1. Quickly run through segment 14-34 and pick out the residues that are at negative phi, part of a loop (DSSP other than H, G, I, E, B) and either buried (at least 22 other Cβ atoms within 10 Å of the Cβ) or outside the structural domain of residue 123 (by TED's automatic domain parsing) (or both).
2. Looking at residue 41 and the list (1) closer than 14 Å to residue 189 by Cα; (2) assigned to a helix (DSSP H, G or I), which single condition is not satisfied?
3. Got a sec? Which of 255, 265, 350 is touching a helix residue (DSSP H, G or I) at 6+ places or on another chain (Cβ under 7 Å) and not in a helix (DSSP H, G or I)?
4. Determine if segment 377-384 includes at least one residue that is out of contact with any helix residue (DSSP H, G or I) (no Cβ under 9 Å at 6 or more places or on another chain) and closer than 14 Å to residue 325 by Cα.
5. Going by the conditions given, is residue 123 under 25 Å from the mean Cα position of the chain (by Cα), within 20 Å of residue 182 (Cα to Cα) and not in a helix (DSSP H, G or I)?
6. Scan (1) outside any helix (DSSP H, G or I); (2) surrounded by 19 or more Cβ atoms within 10 Å (Cβ to Cβ) for the single condition residue 364 breaks and write down its number.
Ligand code: FAD
């Protein structure tokens, strides 16, 4: 009998690893582990991600029970849980889908070592991306550090059959017949339901058709909200890429950004902790705690920044254009280390994806592999004029905007801009 271990692929349909496990013809018992190594580090006991995973697991379990099987859900450190399962069941091997984050890779190495002794298979599949690890390399055989040539090679290498679904649902007869198993409650794991719902993705044709024209306007609900679903695998990336091919090349390019950042973090895992470009590793950040707090709370006196931070704090989402504006403001106008902002987003974002978050923060800070030049600094007022001229988005999140209750700008942008450029130049000179 095989175990199929669900992680960031919480769906039964078009699931590569599950399909391959079922296709062996052996009986397959699906499992999910609430990983205490991750959960114990979360400070918010009403974490919307935990809630979303919990709901997705509950759905999966129901679907599997309809098939006469179950989803075995455990809570603990994965290696410990797996040791217990090896004692409880006659396990011949574990199948799962690959996860490229540094922590996940370490965890999987531990699991692999654990299974080595009894000589059990630990087989991992590509599922969350079209191209992984070293599948897209430059002509000299090295990983791409710049997006545009990566994208070109990605598109050249792509064949439509690569996005064909894995028909896992055709082999459900191979799911192990099992009595229903208990699901630990959120409370047993020390969590409470969150008040933030995860919106369903909006993949309607009209959204994709007008995407290119409207994607930068935060007042319109004009992007797909697919990100948390790709993060947890409730939607398959293959399905998304096929839709993109039919309806919007601009949107396809966003999906390629996601894969670009994934391969970047895979090849350069230390970029999660330090600036990709060595010359920016010693910027003299101001790191003023009070300034940081005002940014977190959306009380900077810059309305687009404040609207974005308030949207994030109350919904777990922020529009991409506004993410760029708030990130630039924190790093350049306040001269606060991008890692502080990255960590705050990591705590709050429903779609938190380490590769995309680190990659985009480093892009905004100008310290990344393919970043905007450090001296190109967003002017937060011009961003309002370009992208929220009628203040519709701003008023939605900052009702006191335009009244005496709204704070004065906390810095003078032109001064802050010069100060940032000087700090970056100094770091380059010292490098
Ligand atoms: P759409 O515009 O409909 O795009 C479709 C999909 O393409 C997204 O769901 C996402 O998977 C991918 N995508 C789009 N833009 C990007 C991008 N710039 N980089 C990588 N992938 C992208 N995205 C995350 O998924 N997780 C994060 O933790 C994250 N952190 C970010 C931090 C900063 C500072 C910035 C500037 C961007 C960040 N992004 C992150 C990228 C982007 O903002 C979100 O993916 C997007 O806003 C999600 O909304 P959507 O699903 O409606 O996107």
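The values are calculated or read from the model by the stated rules, or taken from the named source; none is laboratory data. Just so it is clear, the structure is predicted and the values come from calculations on it, not from any experiment. We place every Cβ from the backbone using ideal geometry, glycine too, and count neighbours over all the protein chains shown.
1. The one that is at negative phi, part of a loop (DSSP other than H, G, I, E, B) and either buried (at least 22 other Cβ atoms within 10 Å of the Cβ) or outside the structural domain of residue 123 (by TED's automatic domain parsing) (or both): 15.
2. The single condition residue 41 does not satisfy is (2).
3. Being touching a helix residue (DSSP H, G or I) at 6+ places or on another chain (Cβ under 7 Å) and not in a helix (DSSP H, G or I) holds for just one of 255, 265, 350, which is 350.
4. The answer is yes; a qualifying residue exists.
5. Taking the combined requirement at face value, the residue does not satisfy it.
6. Here residue 364 meets the rest and fails (1).
For every residue, the table says whether it meets (1) within 29 Å of residue 244 (Cα to Cα); (2) in the same structural domain as residue 83 (by TED's automatic domain parsing); (3) modelled with pLDDT of 95 or more.
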{"residue": "101", "(1), (2), (3)": "yes, yes, yes"}
{"residue": "116", "(1), (2), (3)": "no, yes, no"}
{"residue": "123", "(1), (2), (3)": "no, yes, yes"}
{"residue": "136", "(1), (2), (3)": "yes, no, yes"}
{"residue": "151", "(1), (2), (3)": "yes, no, yes"}
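For every residue, the table says whether it meets (1) surrounded by fewer than 16 Cβ atoms within 10 Å (Cβ to Cβ); (2) touching a helix residue (DSSP H, G or I) at 6+ places or on another chain (Cβ under 7 Å); (3) without any contact (Cβ under 8 Å) to a residue 12 or more places away in the chain.
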residue: 36; (1), (2), (3): no, no, no
residue: 41; (1), (2), (3): yes, no, yes
residue: 45; (1), (2), (3): yes, no, no
residue: 48; (1), (2), (3): no, no, no
residue: 51; (1), (2), (3): no, no, no
residue: 54; (1), (2), (3): no, no, no
residue: 60; (1), (2), (3): no, no, no
residue: 78; (1), (2), (3): no, yes, no
